[in-house]
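Derivation of every value follows stated rules applied to the coordinates shown; laboratory data play no part. On a predicted model such as this, the values are computed, not experimentally measured, just so you know. Neighbour counts run over all protein chains shown; Cβ positions are idealised from the backbone, glycine included.
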Amino acid sequence: DAKTTQPNSMESNEEEPVHLPCNHSTISGTDYIHWYRQLPSQGPEYVIHGLTSNVNNRMASLAIAEDRKSSTLILHRATLRDAAVYYCILRDSGGSNYKLTFGKGTLLTVNP
Amino acid sequence: DVKVTQSSRYLVKRTGEKVFLECVQDMDHENMFWYRQDPGLGLRLIYFSYDVKMKEKGDIPEGYSVSREKKERFSLILESASTNQTSMYLCASSPPTPGKGGYTFGSGTRLTVV
């Protein structure tokens, strides 16, 4: 899987929007952008994924840059339950695409 | 609600014991995975399977084996448990291609080897 770069940590206030950035300058045309989060003492949880277009679901929105070299996970109104480590991962849709390789992610702190 | 179920939440075993960690998914996913997670080292892939009776080594397979006799079940086996295998073990399943969706993880098994 191609490499991604995320800030080590970010802080937000409750009920405010949060924009979590991810850089993936070496992304290939067949790489999907996947986001996961891991709450304390739990397994990772799938959040959202996309290829080229922006995506929305009940948990979050994913904004993908036009050149696909970066993306942003948007939590529209942060809650205390959103405090977690967020991982941005690229998954190739061709070849050996079974593995999901986790980096260190971004630790999001949400202040009440 | 779709689910990946791991047989135990907490487990304590003695050094040298043979340990079985069981994982069952109800999503008819082709792919299944075993990871371990340790502080400072993150999640590391032990083994994965993309079909029944098929298995591939991940990044840290030493000391482990796996079994997938049925599509919904993927077992991790510690042949002779050692203290350095004390860890959180996470099972996951996924559709065959990344465009079809993400991984679903179980809640994890915290294994302590004494």
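Here are some notes:
- Percent breakdown of C-alpha pair distances by 5 Å bin, ordered from the shortest bin, for the range A:1-110: 2, 13, 24, 26, 20, 9, 4, 1, 0
- If you count Lys pairs in the protein assembly as shown whose Cα atoms are under 15 Å apart, skipping same-chain pairs closer than 8 places in sequence, the total is 11.
- In this simple spin-label approximation, residue B:71 and residue B:52 carry label points 7 Å from Cα along the Cα→Cβ vector, and these lie 0.8 nm apart.
- Tail weight of P(r) past 23 Å, computed on alpha-carbon pairs of the protein assembly as shown, percent: 48
- Using only side-chain charges placed at the Cβ, +1 for Lys and Arg and -1 for Asp and Glu, the dipole size of chain A relative to its Cα centre rounds to 260 debye.
- Local charge for residue B:9 was computed over the other residues whose Cβ lies under 15 Å away, with Lys and Arg +1 and Asp and Glu -1, and equals +2.
- Coarse-grained scattering of chain B at q = 0.16, 0.20, 0.23 Å⁻¹, given as base-10 log I(q)/I(0) from a Debye sum over alpha-carbon atoms: -0.67, -1.04, -1.35
- Peptide-level mean, for A:43-53, of C-beta atoms on other protein chains within 10 Å: 4
- For the range A:1-88, GluC sites (Glu not before Pro) meeting the loop criterion (DSSP other than H, G, I, E, B) and having at most 16 other Cβ atoms within 10 Å: A:14, A:15, A:66.
- Average other protein chain Cβ within 10 Å of Cβ, residues B:100-109: 5
- Net charge contributed by nearby residues that have their C-beta within less than 14 Å of residue B:38 (K/R +1, D/E -1): +3
- Amide H contacts under 5 Å for residue A:32, placed H, 5+ residues apart: A:91, A:92, A:93
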